[in-house]
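Structure first, then comments.
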Amino acid sequence: MYKYFIGISRRSAQKIWLTVQEKSVSYLLLSALLFSASQSSLSQAESAANHNSEWDNFGKLSTDIRYFLESPSNSNQLSHWQPSIQGEYEFNWQRSDNRRQFRFKPYIRLDGQDSERSHLDIRELFFRFIENDWQLTVGINKVFWGVTESRHLIDIINQDDVLDDIDGEDKLGQLMLNLNYRQDWGTLEAFLLPHFRERSFPGSKGRLRASQIISDNARYESSAEQWRGDIALRYAHTVGDLDFAAYLFHGTAREAQLIKDNQLNQLIPYYQIIQQQGFELQYTHDAWLWKIESIRRQGQEKSFNAMVAGFEYTYYQLNESTFDLGILIEYLHDNRGDQAPATTLQKDVFLGFRLAANDTQNSTLLAGSIVDIDSNESIFFAELESRLSASWFMEIEGRFFINSKNHSPIENDSFITLRVKKYI
């Protein structure tokens, strides 16, 4: 394994340079312009308002060792070990009255086996203005919507970073203009998203990929391609123990339909224009959390609906100990047709638990399984995290594909990851 770390800097640096040249020139240049403009705005804000301000910065570095339990489906893919390193740093500034805020968060991953997985990104780079009931955010940001555990169905603003992981938790930064208006009757949000981020996929050596290589040359329904622009409107409110929100989205789908190109022996991503309506609700009562997410989407041939609904019940101080145990059960339904981007989560049940030790190490364990009701195919996962010291953390993550049917390209890709993180 040591030889992979010896070669990581040369291969990964080359990959990142090519990425900057070929894929992300406009995005990175725009990020640089935003950063320059933000720095100027900061200076003007401090001098004009004569307010005290404060800077805060911190980051984290981590080493990942991912081990695949079985040999790959394709002989070109990496065998078992996949080491990588990642880094993230965050710069924050805010005025003393909290009415002006700035954040810059760059991110980088270097992979020792799959050069396509090495990438850099600007997760956040924005300036925020807050005046009374209004809030305006300009720049690159991450926005999360949703309440369920097994699938983040309604989360549509940011593109998934599937190079980092396939669980939908990691997102690419999204350029946006976001205006929020808060009142006693709820919060209205409007988003203008001028630039679309394509989803990146593992290379020929990578695991957790399709049986064929997915091309970098995406196609679009819109002639404006990545610069067509998206819009979203959202309303959110809290009434007692009930939290709910609804939104409308019109723009480029974050999921691509993969079209087979027999001549190139590749899959070509095709991004279509969609309209999507989404709804989320969470009701809290004693130790119960009832949750639901639902969407309706038009634009990918036939319209379809999808839903995730379930609950979480927590046993506090289990057997008079310090442990809290949460039981999670959710049902997943998706009736999309063959012309929409494929999903395996069409009629499934999720069963899981969350265990919090409430100790000085802040140890937690989340585990569960998503089971297809018709085929009995399932995905089991477990995530353990614990503090080693004041600034060192350890994570162990496992994802296992069980009873895969129809020669799934990832049926041999069950893996375990050891991650050590250092906060700086």
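The values are calculated or read from the model by the stated rules, or taken from the named source; none is laboratory data. All values derive from a computational prediction rather than experimental measurement. Here Cβ is always computed from backbone atoms with ideal geometry, including for glycine, and neighbour counts include all displayed protein chains.
Does the range 140-149 contain at least one residue that is touching a helix residue (DSSP H, G or I) at 6+ places or on another chain (Cβ under 8 Å) and not in a loop (DSSP other than H, G, I, E, B)? Yes: the range 140-149 contains one or more residues that are touching a helix residue (DSSP H, G or I) at 6+ places or on another chain (Cβ under 8 Å) and not in a loop (DSSP other than H, G, I, E, B). The residue that is farthest from residue 349 (Cα to Cα), among those in the range 375-417 that are among the aliphatic types (A, V, I, L, M) and surrounded by fewer than 15 Cβ atoms within 10 Å (Cβ to Cβ), is 390.
Candidates are the residues of the range 188-232 that are among the acidic types (Asp, Glu) and under 27 Å from residue 128 (Cα atoms); the one that is surrounded by the most Cβ atoms within 10 Å (Cβ to Cβ) is 230. Of the numbered criteria (1) over 23 Å from residue 107 (Cα atoms); (2) surrounded by fewer than 19 Cβ atoms within 10 Å (Cβ to Cβ); (3) at pLDDT 95 or above; (4) of a type outside the set (A, V, I, L, M, F, W, C), the one residue 252 fails is (2).
One residue is enough: does the range 227-245 have a residue meeting the conditions free of Cβ contacts under 8 Å to residues at least 40 places away in the same chain and within 20 Å of the chain's Cα centre (by Cα)? Yes, the range 227-245 contains at least one residue that is free of Cβ contacts under 8 Å to residues at least 40 places away in the same chain and within 20 Å of the chain's Cα centre (by Cα).
Residues in the range 293-352 that are of a type outside the set (Ser, Thr, Tyr), under 25 Å from residue 380 (Cα atoms) and not in a strand (DSSP E or B): 318, 323, 335, 336, 341, 342, 345, 346. Go through the range 402-423 residue by residue and tally those that are modelled with pLDDT under 95 and of a type outside the set (D, E, K, R). Summing the residues that are modelled with pLDDT under 95 and of a type outside the set (D, E, K, R) in the range 402-423 gives 9. One residue stands out in the range 341-357 among those that are farther than 13 Å from residue 326 by Cα and over 21 Å from the mean Cα position of the chain (by Cα): the one that is surrounded by the fewest Cβ atoms within 10 Å (Cβ to Cβ), namely 347. The set of residues in the range 269-327 being without any contact (Cβ under 8 Å) to a residue 24 or more places away in the chain and over 25 Å from residue 189 (Cα atoms) consists of 286, 303, 311, 317, 318, 319, 320, 321. Kindly check whether there is at least one residue in the range 371-386 that is modelled with pLDDT of 95 or more, over 23 Å from residue 153 (Cα atoms), small (Gly, Ala, Ser) and part of a loop (DSSP other than H, G, I, E, B). No; the residues of the range 371-386 include none that is modelled with pLDDT of 95 or more, over 23 Å from residue 153 (Cα atoms), small (Gly, Ala, Ser) and part of a loop (DSSP other than H, G, I, E, B). Could you please find all residues in the range 366-412 being within 20 Å of the chain's Cα centre (by Cα) and more than 22 Å from residue 71 (Cβ to Cβ)? Scanning the range 366-412 gives 366, 367, 368, 369, 370, 382, 383, 384, 385, 395, 396.
Working only within the range 233-261, note down all residues that are over 27 Å from residue 273 (Cα atoms) and in a strand (DSSP E or B). Matches in the range 233-261: 237, 238, 239, 242, 243. Take residue 157 and tell me if it is in contact with a helix residue (DSSP H, G or I) (Cβ under 8 Å, 6 or more places away or on another chain), within 20 Å of residue 105 (Cα to Cα) and modelled with pLDDT of 95 or more. It is false that residue 157 is in contact with a helix residue (DSSP H, G or I) (Cβ under 8 Å, 6 or more places away or on another chain), within 20 Å of residue 105 (Cα to Cα) and modelled with pLDDT of 95 or more.
Sort out which residues of the range 159-175 are of a type outside the set (D, E, K, R) and surrounded by 21 or more Cβ atoms within 10 Å (Cβ to Cβ), and write them in order of number.
163, 172, 173, 174, 175
Within the range 264-305, the set of residues being charged (D, E, K, R) and either surrounded by 20 or more Cβ atoms within 10 Å (Cβ to Cβ) or modelled with pLDDT under 95 (or both) comprises 280, 291, 293, 297, 301, 302.
Condition check: surrounded by 14 or more Cβ atoms within 10 Å (Cβ to Cβ), in contact with a Ser or Thr (Cβ under 9 Å, 6 or more places away or on another chain), modelled with pLDDT of 95 or more and among the basic types (Lys, Arg). Does residue 117 satisfy that? So residue 117 does not fit the description; no. Give the residue, chosen from 334, 324, 338, that is under 30 Å from residue 301 (Cβ atoms), buried (at least 16 other Cβ atoms within 10 Å of the Cβ), out of contact with any helix residue (DSSP H, G or I) (no Cβ under 6 Å at 6 or more places or on another chain) and of a type in the set (Asp, Glu). Criteria check complete, one pass: 334. Every test in (1) buried (at least 19 other Cβ atoms within 10 Å of the Cβ); (2) of a type in the set (Ser, Thr, Tyr); (3) more than 16 Å from residue 60 (Cβ to Cβ) is passed by residue 107 save one, and that test is (3).
Report yes if some residue within the range 405-414 is in a strand (DSSP E or B) and of a type outside the set (Asp, Glu); otherwise report no.
Looking through the range 405-414, none of the residues is in a strand (DSSP E or B) and of a type outside the set (Asp, Glu).
Residue check: is residue 97 charged (D, E, K, R) and in a strand (DSSP E or B)? Spelling it out, it is not the case that residue 97 is charged (D, E, K, R) and in a strand (DSSP E or B).
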